[in-house]
Amino acid sequence: MRAPAPAWAAQLNDATIGAARTAIGGALLDAVEIAGEVQLHVTRDGLVAALIALRDTPGLEYQQLMEIAGVDYPDRAERFEIVYCLLSLTRNHRLHVHVGATEDTPVPSVTDIWPVAGWLEREVYDMYGVLFSGNRDLRRILTDYGFRGYPFRKDFPLTGFVELRYSEEQKRVVYEPVKLAQDFRTFDFESPWEGAEYVLPGDEKAKLPEAKGAPTPATATEVQKAGVAQTPRQDAPAPSQPYAKKDTTSTAETGAGRAESDAEPRPADPDVVPSKGGGQNQ
């Protein structure tokens, strides 16, 4: 039986680009094939019409919006680029739609075309700060409440602005400015296997002696010998105590089978029951 959807093939790219040029028209800025995938660059004003055409035009039919991604190019006039990843189920083919944006120019929302875009646009807004006009719930979705800045911008500091921790004194989560030693940020290693000349924060603990019971690389035999050498041996209690051993070496005779000094003779045949007046083997 023949599969209802054709196997993905690179030769579909040329037909896709031709059909996209006809369907999108003047809103299409460029259409290229890179790494075996089709990229369509459209204008910001014609984005919604272009996506509707890609979804409804026979021969294209990209029904699903798989992802919305953001890219930051600080050197460009429009530093942000929003990428819409589309999938055609009937043709088993994918393409990417690119649109430019800035910090102050919002991108039209596509939530009326694909409702799932509401969550995806919130991610792009949270990470890059790109605004989407028409999104009815444009709030942060990944960062914490009161977070300042946009983490995926290339001008955002890698350490952030604030750090949070749980305070035992205040019994709540508190925000504090980032306190990270500059030595930890910039490494001056001459080679990957050589350490720095200075001591990194926390490394000074490696030279401290470990407390008793702490993990140690010593073997079990070494630990046992060290314990015997450090722990004084305590003799058994005095024989006058009823529960005490008679001497310190009596434990070595355990299970040896030697009779006790006050042991009585036992019958040769254990099945014989002794009589009152004495009898065999008594």
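The values are calculated or read from the model by the stated rules, or taken from the named source; none is laboratory data. On a predicted model such as this, the values are computed, not experimentally measured, just so you know. So basically every Cβ, Gly included, is an ideal-geometry build from the backbone, and we count neighbours across all protein chains shown. Areas reflect the complete protein model, heavy atoms only, side chains present, ligands, DNA and RNA absent. Shrake-Rupley method; radii C 1.70, N 1.55, O 1.52, S 1.80 Å.
Looking across segment 167-183, not a single residue is closer than 18 Å to Y145 by Cα, open to solvent by 100 Å² or more (accessible area, probe 1.4 Å) and modelled with pLDDT under 85.
Okay, residues lined up against (1) farther than 11 Å from H96 by Cβ; (2) open to solvent by 70 Å² or more (accessible area, probe 1.4 Å); (3) touching a residue at least 60 places away in the same chain (Cβ under 8 Å):
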{"position": "I24", "(1), (2), (3)": "yes, no, no"}
{"position": "L28", "(1), (2), (3)": "yes, no, no"}
{"position": "V38", "(1), (2), (3)": "no, no, no"}
{"position": "D56", "(1), (2), (3)": "yes, yes, no"}
{"position": "M66", "(1), (2), (3)": "no, yes, no"}
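Quick check on I34: is it without any contact (Cβ under 8 Å) to a residue 12 or more places away in the chain, β-branched (V, I, T) and either touching a Lys or Arg at 6+ places or on another chain (Cβ under 9 Å) or under 29 Å from F156 (Cβ atoms) (or both)? The answer is yes for I34.
In this structure, P74 does not satisfy being modelled with pLDDT under 95, loosely packed, with under 15 Cβ neighbours inside 10 Å and under 30 Å from D14 (Cα atoms). So, in segment 10-62, of the ones that are in contact with a helix residue (DSSP H, G or I) (Cβ under 6 Å, 6 or more places away or on another chain) and assigned to a loop (DSSP other than H, G, I, E, B), which residue ends up nearest to S88 (Cα to Cα)? Among those residues, the one meeting the criterion is Y62.
The set of residues in segment 97-134 that are in contact (Cβ under 8 Å) with a residue 24 or more places away in the chain and of a type in the set (F, W, Y) comprises W114, Y128, F132. Please determine, by comparing only the residues of segment 55-70 that are aliphatic (A, V, I, L, M) and at pLDDT 95 or above, which one is farthest from S133 (Cα to Cα). Going through the qualifying residues, I end up with M66. Condition check for C85 on (1) closer than 29 Å to Y150 by Cβ; (2) touching a residue at least 40 places away in the same chain (Cβ under 8 Å): one failure, at (2). In segment 88-140, the residue that is nearest to D56 (Cα to Cα) out of those that are open to solvent by less than 10 Å² (accessible area, probe 1.4 Å) and assigned to a loop (DSSP other than H, G, I, E, B) is V110. Assess whether I82 counts as being part of a strand (DSSP E or B) and not small (G, A, S). The answer is yes for I82. Tally up the residues in segment 143-156 that are out of contact with any strand residue (DSSP E or B) (no Cβ under 7 Å at 6 or more places or on another chain) and surrounded by 11 or more Cβ atoms within 10 Å (Cβ to Cβ), please. Number of matching residues: 6. Filtering segment 193-210 for residues that are modelled with pLDDT of 70 or more, open to solvent by 100 Å² or more (accessible area, probe 1.4 Å), farther than 30 Å from A117 by Cα and outside any loop (DSSP other than H, G, I, E, B) leaves an empty set. Taking R139 as the residue in question, decide whether it is under 28 Å from P177 (Cβ atoms), under 26 Å from the mean Cα position of the chain (by Cα) and without any contact (Cβ under 8 Å) to a residue 60 or more places away in the chain. Yes; evaluated as a whole, the condition is true for this residue.
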